[in-house]
Amino acid sequence: MSEIKVDKISPQSGTALAIGDSGDTITIPSGATITNSGTATGFGGGKVLAYIPTTSAVTLATQASTTSTSYVDVSGASVAITPSATSSKILVIANAAINNATTGYSTYVQLVRGSTAIGNGTAVGTAYACFGFFEGSAGSSSSWASNCSIAYIDSPSSTSAVTYKIQMAVNGGTGYIGGPAGTGNGTGRSATNITLLELSGA
């Protein structure tokens with residue numbers, strides 16, 4: 001095997017430099033370190049490029065409520081990320097405990113990127129990502145919250161800051177996020193959180 005020792009390889013002309021030919025195997029020996037000071041492209045998808053944890057994103061430890069039949073922002077339940085490439089995917093994971101204080105009515109939750117709803121199902125009436133409902137008497141041991149867990153892979157196609165948030169609405173009654181209404185048993189507050197992961201595009 002021949003060996004060439006140099007300190008730097010540069011293209012003869014232009015700015016493109018090819019190593020090997022199609023079908024060749026380039027071997028990096030064990031113990032070697034490759035340092036990249038530029039932009040790595042063409043290595044396929046599936047890599048986590050950024051992680052916004054719930055501890056630094058949003059934790060809504062107290063209840064939010066609404067009587068609105070149109071979606072409204074949940075105060076504090078939003079977080080922003082700046083994608084490093086337009087091809088990046090954003091995995092959005094959101095969790096909330098939701099409930100309605102009035103018999104026969106539901107509370108709806110959706111994810112929003114900016115002002116655009118994402119990840120909703122299709123319905124004749126209200127479209128939503130998940131919903132909670134009245135269960136038992138508010139403030140009693142049978143008053144409990146439905147767990148709302150959402151995981152959605154979004155393609156914002158942007159390198160500007162993108163804000164994701166949780167919105168809520170009701171079809172009547174009073175809807176709650178953060179646990180059931182009332183002060184009795186089963187009404188402990190549940191944290192609402194959003195986690196964002198930037199994934200390299202395929």
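Every number here is computed from the coordinates shown, using simple stated rules; none is lab data. The model shown is predicted, which means the values in this text are computed figures rather than measured ones. Using ideal geometry, Cβ is built from the backbone for each residue, glycine included, and neighbour counts are taken over all protein chains shown.
Computed quantities for the displayed model
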item: Ranked packing of 74-85, 92-103, most packed first, by mean Cβ within 10 Å; result: 92-103, 74-85
item: Residues with amide H under 5 Å from that of residue 172, placed H, sequence gap 5 or more; result: 106
item: Sequence-distant residues sharing a close amide H with residue 162 (under 5 Å, placed H); result: 81, 82
